[in-house]
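The next block holds one structure in the form of structure tokens; read it before the comments.
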């Protein structure tokens, strides 16, 4: 992966300039004491706002923190430990707080367990739900960690092969309620797959096929 380009003067830009990651995205440990002068905007207290897991830089790099130099004093050093793998980058998109809060109180639509993860229905991550401004509740669903991990694996295989998951493998009488095994690669390509929306899929079981 090539080094991503960040807006000049932004915090990710400044940290990359200071840390100087190599061709594999790995940098040296950078002490907070270095956040002075040109790099003073990088200074933080406990939140590490510009480098936490939801931050822009964490979408492209594995960000590591060191808290052991000064015990009890929070983060002392930061480093980049390589470019994120594709599946990790795709799973890192932000979800609006109101949407997270809504689904966190629901139950998994497959296993009916509590405390679900908020799943982006479109496993290809190529639709409007990638933008906080255009996300809607309908773009997401509550899945348990087990169900979400399974879906993530099948979506990964689909992206590699362009072949959608066949629901008959789970014992259902039909493979898809819309489309066929071939994923066209566009934002509508996941619709009709079991994993895209299990509740909608089950509604179509009553239809004649």
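The values are calculated or read from the model by the stated rules, or taken from the named source; none is laboratory data. Since we're looking at a predicted model, the values are computed, not measured. Positions of Cβ are backbone-derived with ideal geometry, glycine not excepted, and every protein chain shown enters the neighbour counts.
When you check residue 193 against the structure, is it part of a helix (DSSP H, G or I) and out of contact with any strand residue (DSSP E or B) (no Cβ under 8 Å at 6 or more places or on another chain), yes or no? Steps first, please.
On the way: part of a helix (DSSP H, G or I): no; out of contact with any strand residue (DSSP E or B) (no Cβ under 8 Å at 6 or more places or on another chain): yes.
Criteria not met by residue 193.
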Go through region 122-139 and give me each residue that's more than 12 Å from the chain's Cα centre (by Cα) and crowded, with 20+ Cβ neighbours inside 10 Å. 135
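Would you say residue 160 is touching a helix residue (DSSP H, G or I) at 6+ places or on another chain (Cβ under 9 Å) and modelled with pLDDT under 90?
Answer is no for this residue.
Return yes or no: is residue 13 part of a helix (DSSP H, G or I) and under 23 Å from the mean Cα position of the chain (by Cα)?
Values: part of a helix (DSSP H, G or I): yes; under 23 Å from the mean Cα position of the chain (by Cα): yes.
Answer is yes for this residue.
Consider residue 141 carefully, then state whether it is within 23 Å of residue 185 (Cα to Cα) and not in a loop (DSSP other than H, G, I, E, B). Break it down into steps so the answer makes sense when it comes.
Working: within 23 Å of residue 185 (Cα to Cα): yes; not in a loop (DSSP other than H, G, I, E, B): yes.
Judged against the criteria, residue 141 is a match.
Looking at region 109-139 only, could you name the residues that are free of Cβ contacts under 8 Å to residues at least 60 places away in the same chain and more than 13 Å from residue 94 (Cβ to Cβ)?
Start the filter on region 109-139 by keeping residues that are free of Cβ contacts under 8 Å to residues at least 60 places away in the same chain, which leaves 111-120, 125, 128-139.
111, 112, 113, 114, 115, 116, 117, 119, 128, 136, 137, 138, listed by residue number.
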